[in-house]
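Here is the structure we will look at, set down as structure tokens.
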Amino acid sequence: MRTVAIAAALILLSPAGAEPRAARAPWLLFPLDVRRFEHVSSKFGLRRLNGHRSLHKGVDLVAPAGSFVVAAREGRVADAGRAAACGWYVTVEHANSWRTVYCHLRSDPRRLGIVQGLEVPAMGVVGLVGSTGHSTGPHLHFSVLDDRGQARDPLLALYTPAETLTLLRRMGLAR
């Protein structure tokens, strides 16, 4: 009887329409030079733009223009180029068939040798922070696409800057 009362109280106390949040399970390193990262300016999810509700399919990570953008995990460059909204971008496909997308890069990543088919190591430079495409200032728009091409919340897959730095120190790649 007591467990039924507790369950009923929990149901009544939870907000209407509330869904359980997905658990954070990081498997991607932070995609920026962690020493230059400033803050998250826009998270994944629905937002209102120009009077319309639309899904923001990534997370916007603010850093000074010219900061290194790095591969969040080893993979193969699936695409690099320019798109109207994204500006200069790179897409990296990973062994699990998921993809990470790096948008608003400062310039054509192909000038840095980042071309389709290139194998990139985790933390390998794929571009520089810029403000190309539909952007209001220097930042990295970072997206994660699952094996079906569906956008997923990157903050659930990313190690934080501090966690990334700790991992890099353990691997002997940072002091």
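The values are calculated or read from the model by the stated rules, or taken from the named source; none is laboratory data. All values reported here derive from a predicted model rather than from experimental measurement. Every residue, glycine among them, receives a Cβ derived from its backbone with ideal geometry; neighbour counts consider all protein chains shown. What goes into the accessible areas is simple: the full protein's heavy atoms, side chains included, and nothing from ligands, DNA or RNA. Shrake-Rupley method; radii C 1.70, N 1.55, O 1.52, S 1.80 Å.
Before moving on, here are some points about what is shown:
- Charge sum, other residues only, whose C-beta stays under 10 Å from residue 58's C-beta, Lys/Arg counted +1 and Asp/Glu -1: +1
- Protein accessible area in the chain, 1.4 Å probe - carbon and sulfur %: 56
- Net +/- balance of residues flanking residue 148 in space, Cβ distance below 15 Å, scoring K and R +1, D and E -1: 0
- Inter-part distance where region 142-175 and region 89-136 are each reduced to a Cα centre, Å: 15
- Summed side-chain charge close to residue 169 - residues other than residue 169 whose Cβ falls under 12 Å, Lys, Arg +1, Asp, Glu -1: +1
- Largest mean-square fluctuation among 111, 99, 76, in a Gaussian network model of the chain whose springs join Cα atoms under 10 Å apart, belongs to 111.
- By a 1.4 Å probe calculation restricted to protein chains, residue 110 has an accessible surface near 110 Å², given to the nearest 10.
- Degrees, to the nearest 10: 2-13 long Cα axis against longest axis of the chain: 50
- Gaussian network model of the chain, springs between alpha carbon atoms under 10 Å - residue of 70, 40, 59 with greatest fluctuation: 40
- Helix-only mean residue ellipticity at 222 nm for the chain, each DSSP H run of n ≥ 4 adding -39500 (n - 2.57), per residue, nearest 500: -4000 deg cm²/dmol
- Heavy atoms of residue 36 accessible to a 1.4 Å probe, total area in Å² rounded to 10: 100
- Computed from Cα atoms, the angle from the helix 161-170 axis to the main principal axis of the chain rounds to 60 degrees.
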